[in-house]
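First up is the structure itself, then whatever we jot down about it.
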Amino acid sequence: METLVKLFKNNIRQYGMIIALVVIMIFFQLITGGLLLEPINITNLILQNSYILVLAIGMVLVIITGHIDLSVGSVAAFVGAVAGIMMVDMHLHPVVAVIASLIVGGLIGAWQGFWVAYVKIPAFIVTLAGMLLFRGLTMIVLKGQSIAPFPAGFQKISSGFIPDLGSGSINVVAIAAGVICTVIFVINELRDRQSKKKYNFDVLPGGLFILKLVIIAAVIMAFAFMLASYAGLPNILILLLALILIYSFVMNKTVMGRHIYAIGGNEKAAGLSGVKTKKVTFWVFVNMGVMAAISGLIFAARLNAATPRAGTNFELDAIAASFIGGASATGGIGTVFGAIIGGLVMGILNNGMSLIGLGIDWQQGIKGLVLLAAVAFDIYNKKKSSVS
């Protein structure tokens, strides 16, 4: 029990949000009569929240460096509009249009990163200007009208599924993917445990470690079975998993990731230690531009249209997901996994409240209170740590 308490205290942000997510899921599962965890609703949750989760991955890096980006919703809308013009009006191949759209997103990120990193204008001001600028450009490019429909191949980014190998009611590919993910997880955990023991780091007792493996493996397989019971693996889920793995690796295992954390912890100290703070900050905003472009493409593919109102409040949802997932408002703290958990909390809240027929006014109010509670929780923990 003492080990569990110590482990929870050392990871209170991450574990606290996981517990909150589980509690919210159980609450809405009971109050909706089991609708929340129906296979079709699980799939809809993934499809409905994919573009916010992508934004949250990029946003948490920006927040870790101690900045904020208010423009991502407008950038997503602008990139969707550009993609619509290229694919619908100019009849460019979707692959060419997607690559061009990602380049546009990167250039927008570079534009904003230059003002923040090298001119030292606060990111709040730069991205607020960007929010207004790119929302206006979206209106101009689309001339106030929607562009549709997109090519069928492009739509599959957001609404397609991995083809199944079998013909039964259960999707074989989804089950196989669950088994593979479970095996990879177990092997990775065993290797990590051996590595920690080699260098005399603290590890979970054997019994607790096995219990952890069993619980997480069961969750993975249950999730895979739910997907297999409906239509299988959504294409967007594969993209999301790839982004989560890549960005988790970058933040935890690379020099770039350590530099991002160092800048958020203390930018002056990081600079004196040899970190090229301006360059790192610049590239964090370039990355945010690319992630906003990906989000805009996903949303356009799901909607099957480029609309002037696309991306509205995306930035608020992404920022909320990052803070709810444990990122600190002062920078230096946060994880990609935490941002995903925060995004899922917001997504399940939205979905659950919609299932019980709660009005949009109540939904907005409740989400605002959840965000406020998450930031207050972060400040409380900091004060408690400084006192102890």
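The values are calculated or read from the model by the stated rules, or taken from the named source; none is laboratory data. Small disclaimer: the values here were computed from a predicted structure and weren't measured. Because the Cβ atoms are built from the backbone with ideal geometry, glycine has one as well, and the counts that use them run over all protein chains shown. What goes into the accessible areas is simple: the full protein's heavy atoms, side chains included, and nothing from ligands, DNA or RNA. Shrake-Rupley method; radii C 1.70, N 1.55, O 1.52, S 1.80 Å.
Before moving on, here are some points about what is shown:
- The slack between Ile379 and Cys181, meaning 0.36 nm per residue of separation minus the straight C-alpha distance, is 67.7 nm.
- FRET efficiency estimate (nearest 0.05) - Cβ-Cβ, Val214 to Arg191, R0 22 angstrom: 0.75
- Inter-site label distance for Ala269 and Gln364 at 7 Å from Cα along Cβ, in nm: 4.1 nm
- Full extension of the chain between Lys120 and Asn313 gives 66.9 nm of extra length, using 0.36 nm per residue less the Cα-Cα distance.
- Theoretical ellipticity at 222 nm over the chain - DSSP helices of four or more residues, -39500 (n - 2.57) apiece, nearest 500: -25500 deg cm²/dmol
- Rg to Rh, two decimals, where segment 143-252 supplies the alpha carbon set and Rh follows Kirkwood: 1.13
- Cα-based shape type of segment 242-388, given that a ≥ b ≥ c are square roots of the gyration tensor eigenvalues and the cut on a/c is 1.5: oblate
- Dipole magnitude for the chain: about 1140 debye, using +1 per Lys or Arg Cβ and -1 per Asp or Glu Cβ, origin at the Cα centre.
- Across the options Ala339, Met256, His91, the greatest Cα extent toward the positive end of the charge dipole of the chain (unit charges at beta carbon of Lys, Arg, Asp, Glu) belongs to Met256.
- Note on Asn252 and Met25: the model spin-label points, each 7 Å out from Cα along the C-beta direction, lie 1.9 nm apart.
- Kirkwood estimate for the chain, i.e. one over the average of 1/r between Cα atoms, Å: 22.1 Å
- Taking each residue as 0.36 nm, the span from Val172 to Met90 lengthens on full extension beyond its C-alpha to C-alpha distance by 25.6 nm.
- Loop-located chymotrypsin sites (Phe, Trp or Tyr not before Pro) in segment 163-232 (DSSP state other than H, G, I, E, B) with a sparse environment of at most 10 neighbouring Cβ atoms within 10 Å: Tyr199, Phe201.
- With protein chains left intact and a 1.4 Å probe, residues in the chain average 49 Å² of accessible area per residue.
- Accessible area of the chain belonging to carbon and sulfur atoms, whole % at 1.4 Å probe: 71 percent
- Residue pairs exceeding 24 angstrom between C-alpha atoms, taken from Lys120/Lys279; Lys198/Lys383; Lys253/Lys276; Lys278/Lys383: Lys198/Lys383; Lys278/Lys383.
- Peptides 96-107, 339-350 ordered by packing proxy, namely the average of other Cβ atoms within 10 Å per residue, highest first: 339-350, 96-107.
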